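The values are calculated or read from the model by the stated rules, or taken from the named source; none is laboratory data. All of these numbers come straight from a predicted model, not from anything done at the bench. Because the Cβ atoms are built from the backbone with ideal geometry, glycine has one as well, and the counts that use them run over all protein chains shown.
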Amino acid sequence: MIRDDRLTPELVVDLPWIREVQLSPQGLIAYVLAPFGKKEEHEQSAIWVVPADPAGGEPRQFTAGDAHDHQPRWSPDGTRLAFLSDRRERGTAHIYVMPADGGEAIALTEGKKGITDFQWSPDGTCIAYTGPDEPTEDDERREKERDDPAVFGERWPFDRLRVIAYPDGEPRTLIDGDRHVENFCWHPDGQSLACVVRPTPELNARLGPGTILNVPLTDGTEQEIACITGQAAGLTYGPDARWLLYQRPASEFHQSSSSIWRLPASGGEPERLCGGEVNCAFNLSRPLGGNRLACLVAEGLDTDVAWLDAETGHVESIYRPPQGTIDDAALIMRDGHPLIAVALSLPDHPGEIDAGDPAGELTRRTAHHPELEGMTFGRQEDFHWTAPDGLELDGILIRPVGDSTSRPAPTVVLVHGGPYGRWERDFHLSWGDWGQWLATAGYAVLMPNPRGGFGHGETFAAAARGDVGGADWLDVLSAVDAAVERGIADPERLGIGGWSQGGFMTAWAVTQTNRFKAGVDGAGPTEWGWMAATSDMGSFEAELGGSTPWEGRGPHRHAEISPLSFARQVTTPLLIVHGENDERVPLSQATSFHRALRENGAPVEMVIYPREPHGIRERNHQIDLLRRVRDWFDTYLLD
């Protein structure tokens with residue numbers, strides 16, 4: 001076994017990651033650079049800029065990075081960059097604007113409540129944004145005197161839609177009342193905005209009914225465009241403003257393939273335009289300087305940047321990376337030609353910015369990871385196999401570092417979250433993605449994409465509804481069988497692990513078979529009835545579990561597919577790791593399964609990370625998690 005001692009948990013969690021890529025009309029790329037782990041109570045991130053043209057200069061840090069600077073947005077003429085920052089009051093983000101060539105940041109908004117989203121108007125004279133109301137005197141009194149019983153439905157923090165003139169206007173509220181603005185976009189003429197409104201700010205409300213409104217700037221008279229059901233992201237006008245388009249599930253269900261829908265901007269019924277057949281369409285945008293829409297299209301292990309025809313739904317690929325995967329992308333039109341910037345992650349390297357004309361070869365424009373130079377990572381391969389019912393499936397295999405023999409290796413199966421997720425040709429090394437962390441310790445890492453996931457359309461995604469632990473579990477088992485048959489995996493040294501839905505699959509695995517010698521359940525559901533009752537996305541969890549506890553005395557479908565129901569069958573050593581403040585998969589999912597395993601004498605260890613939500617965010621917790629995961633598998637899988 002070969003281990004590179006330079007790859008420490010500290011190095012892993014401190015690696016900078018690129019996100020939120022934006023392109024100006026002049027070809028200047030803005031992006032956010034930050035590690036996954038936060039050292040203090042609040043996140044820290046910096047905005048960087050780099051010219052797309054290599055002759056234009058090298059990357060430079062645009063903001064100090066002492067605060068959480070994020071969501072960069074170029075003004076339409078490219079002379080200014082707006083962004084969100086909590087530099088004045090940590091944890092409370094407001095809009096700041098800086099000249100494109102640097103200088104002093106001017107605060108455009110202020111207050112005790114932060115901003116959630118914003119967009120420049122088409123002419124760059126004002127900014128529309130969303131955020132909750134400022135606290136009233138009574139709110140402040142209640143907090144000060146601790147006279148603050150929380151009555152459900154009272155004092156909800158509704159996000160309002162407001163506009164403010166740049167540089168020194170006063171905010172004006174367009175949408176208020178007992179309504180929550182989830183999503184919005186400018187009309188191309190700059191005289192009105194369209195927005196998606198929900199009855200409450202609950203996350204679960206985004207899965208239910210909503211309304212799309214048109215709101216003129218002049219008199220604020222609202223026009224109802226359509227009633228919708230389900231998620232609605234990336235609201236965007238088509239090039240000639242005849243259509244409104246947005247991203248939503250391909251069906252009326254929440255566990256569904258991502259697709260692009262449209263409806264007449266004057267009002268009418270939504271219709272699906274693309275995505276959901278054998279692929280998934282997402283990240284809808286209207287590139288600056290062009291008259292077409294763009295989106296990302298995922299099919300199998302591939303992801304393309306593509307043009308989207310708003311009239312016909314025809315999708316035309318613009319760019320597919322020759323290797324690796326697209327973490328983020330920005331596209332504009334300049335002099336009739338497309339210019340693209342992508343954060344491209346490679347199997348042996350974290351994401352860097354590549355830019356250029358997508359018809360040619362892109363040029364690498366950043367180099368933010370010198371600490372990884374000279375390190376050897378596991379060789380990554382596409383992994384294909386056939387499910388028991390004949391369905392062709394895909395995933396990723398990472399060979400152990402130093403693998404120079406034909407001897408089967410100790411193997412860990414990592415199952416992705418979601419279930420609407422996907423393992424890609426990515427750099428698999430972070431607090432929650434243990435691929436290279438285990439491969440560099442001598443393990444083969446098998447990362448299957450079972451049914452219910454992303455990249456294969458609606459039928460594939462729908463397989464997880466009411467049947468988690470069914471076809472998807474058989475897909476995982478058949479991937480393991482294929483790896484064993486090919487001499488990759490040692491059948492006597494198999495482990496399994498994952499986060500969220502991957503944690504569920506791990507908990508399910510150890511209740512259904514003793515093939516695995518160790519498991520790591522990261523924040524996984526173990527009782528679907530209480531997931532429906534207590535998760536912040538209860539409606540979605542009820543779809544996965546197939547029923548709710550309030551449907552009568554039962555028997556209930558959710559009990560048939562919950563690991564907790566089968567806890568007495570567990571003999572596999574299981575490590576349970578969970579965040580204390582997890583609202584997606586509440587902590588009770590971990591503590592109840594842990595109690596059941598202890599009652600039945602199963603080998604189990606549970607670690608709870610204080611203050612943490614569904615994803616582990618604090619640096620020291622991430623370091624501890626990485627160490628525990630590898631130590632756990634080392635204890636039970638290595639000779």
message: Return the residues of region 595-633 that are more than 22 Å from the chain's Cα centre (by Cα), in a helix (DSSP H, G or I) and crowded, with 17+ Cβ neighbours inside 10 Å; say none if nothing qualifies.
response: A596, L597, D624, V629, R630, W632, F633
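Can you pull out every residue in region 170-198 that is small (G, A, S), farther than 23 Å from G111 by Cα and assigned to a loop (DSSP other than H, G, I, E, B)? Spell out the reasoning first.
Going residue by residue through region 170-198, those that are small (G, A, S) are 177, 190, 192, 194.
Filter once more, keeping what is farther than 23 Å from G111 by Cα: 190, 192, 194.
The answer is G190, and nothing else.
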- request: State yes or no: is E43 in a loop (DSSP other than H, G, I, E, B) and within 22 Å of the chain's Cα centre (by Cα)?
  value: yes
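Quick grid of which residues meet (1) of a type in the set (F, W, Y); (2) without any contact (Cβ under 8 Å) to a residue 24 or more places away in the chain; (3) touching a Phe, Trp or Tyr at 6+ places or on another chain (Cβ under 9 Å); (4) surrounded by fewer than 18 Cβ atoms within 10 Å (Cβ to Cβ):
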residue	(1), (2), (3), (4)
E299	no, no, no, yes
D304	no, yes, yes, no
T312	no, yes, no, yes
Y319	yes, no, no, no
D327	no, no, yes, no
V342	no, no, yes, no
L346	no, no, yes, yes
statement: Flagged in region 390-442 as among the hydroxyl-bearing types (S, T, Y) and touching a Lys or Arg at 6+ places or on another chain (Cβ under 9 Å), in numbering order, are T411, T440
Positions within region 228-248 being buried (at least 20 other Cβ atoms within 10 Å of the Cβ), over 14 Å from G268 (Cβ atoms) and over 21 Å from the mean Cα position of the chain (by Cα), in sequence order: Y237
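Does region 474-487 include one or more residues that are over 22 Å from G529 (Cβ atoms), hydroxyl-bearing (S, T, Y) and more than 27 Å from the chain's Cα centre (by Cα)?
Yes, that holds for at least one residue.
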task: Just give me the residues in region 19-36 being in contact with a Leu (Cβ under 9 Å, 6 or more places away or on another chain) and either in a loop (DSSP other than H, G, I, E, B) or within 19 Å of P358 (Cα to Cα) (or both), in sequence order.
output: Q22, L23, S24, P25, G27, L28, I29, A30, F36
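Do any strands (runs of 3 or more DSSP E) lying entirely in region 231-332 carry at least 1 residues that are closer than 28 Å to W17 by Cβ and at pLDDT 95 or above, and which ones are they? I'd like the intermediate steps shown before the answer.
Working: elements: 233-237, 243-249, 258-264, 271-274, 280-285, 293-299, 302-308, 315-319.
Per the criteria, 233-237, 243-249, 258-264, 280-285, 293-299, 302-308, 315-319.
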- prompt: Pick from region 351-370 the residues that are modelled with pLDDT of 95 or more and of a type in the set (D, E): which of them is nearest to the chain's Cα centre (by Cα)?
  reply: E352
- request: Considering each residue of region 434-461, count those that are of a type in the set (V, I, T) and under 17 Å from P419 (Cβ atoms), and give that number.
  value: 1
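Just need a number here: residues in region 516-569 that are assigned to a helix (DSSP H, G or I) and charged (D, E, K, R).
5
For A355, indicate whether it is in contact with a Ser or Thr (Cβ under 7 Å, 6 or more places away or on another chain), of a type in the set (G, A, S), in a strand (DSSP E or B) and more than 30 Å from L477 (Cα to Cα). So that I can check it myself, show each step before the final result.
On the way: in contact with a Ser or Thr (Cβ under 7 Å, 6 or more places away or on another chain): yes; of a type in the set (G, A, S): yes; in a strand (DSSP E or B): yes; more than 30 Å from L477 (Cα to Cα): yes.
So A355 fits the description; yes.
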field: Search result, residues across region 338-395 that are closer than 26 Å to G300 by Cα and among the charged types (D, E, K, R)
entry: D348, E352, D354, D357, E361, R364, R379, E381, D382, D389, E392, D394
- request: Output the number of residues of region 458-481 satisfying the condition of being closer than 19 Å to F383 by Cα, crowded, with 20+ Cβ neighbours inside 10 Å and in contact with a Pro (Cβ under 9 Å, 6 or more places away or on another chain).
  value: 6
- prompt: Could you give every pair whose Cβ atoms fall below 7 Å, whose first residue belongs to region 554-572 and is polar (S, T, N, Q) and modelled with pLDDT of 95 or more, and whose second residue is surrounded by fewer than 15 Cβ atoms within 10 Å (Cβ to Cβ) and outside any helix (DSSP H, G or I), counting only separations of at least 6 or pairs across chains?
  reply: T571/N514; T572/N514
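Going by the structure shown, is G498 surrounded by 24 or more Cβ atoms within 10 Å (Cβ to Cβ) and small (G, A, S)?
On the way: surrounded by 24 or more Cβ atoms within 10 Å (Cβ to Cβ): yes; small (G, A, S): yes.
So G498 fits the description; yes.
Here's the yes/no breakdown for (1) surrounded by fewer than 17 Cβ atoms within 10 Å (Cβ to Cβ); (2) closer than 22 Å to S478 by Cα; (3) not hydrophobic (A, V, I, L, M, F, W, C):
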| site | (1), (2), (3) |
| --- | --- |
| F377 | no, no, no |
| A387 | no, yes, no |
| G390 | yes, yes, yes |
| I396 | no, yes, no |
| S406 | yes, yes, yes |
| A409 | no, yes, no |
| V413 | no, yes, no |
statement: In region 570-594, residues that are assigned to a loop (DSSP other than H, G, I, E, B) and either under 28 Å from the mean Cα position of the chain (by Cα) or crowded, with 17+ Cβ neighbours inside 10 Å (or both) total 11
- prompt: What number of residues within region 66-115 are in a loop (DSSP other than H, G, I, E, B), surrounded by fewer than 17 Cβ atoms within 10 Å (Cβ to Cβ) and in contact with a Phe, Trp or Tyr (Cβ under 9 Å, 6 or more places away or on another chain)?
  reply: 1
- request: Kindly indicate whether any position in region 133-150 is surrounded by 12 or more Cβ atoms within 10 Å (Cβ to Cβ), modelled with pLDDT of 95 or more and basic (K, R).
  value: no
message: Show me the strands (runs of 3 or more DSSP E) found entirely inside region 391-502 where at least 1 residues are within 23 Å of V278 (Cα to Cα) and of a type outside the set (V, I, T).
response: 392-398, 444-448
message: Condition first: under 20 Å from the mean Cα position of the chain (by Cα) and without any contact (Cβ under 8 Å) to a residue 40 or more places away in the chain. Can you find one or more residues in region 395-417 that meet it?
response: no
message: Could you list, ordered by first residue, the pairs with Cβ atoms under 8 Å in which the first is in region 199-210 and at pLDDT 90 or above and part of a strand (DSSP E or B) and the second is crowded, with 16+ Cβ neighbours inside 10 Å and aliphatic (A, V, I, L, M), at least 6 apart or interchain?
response: P209/I228; G210/V196; G210/V197; G210/I228; G210/A232
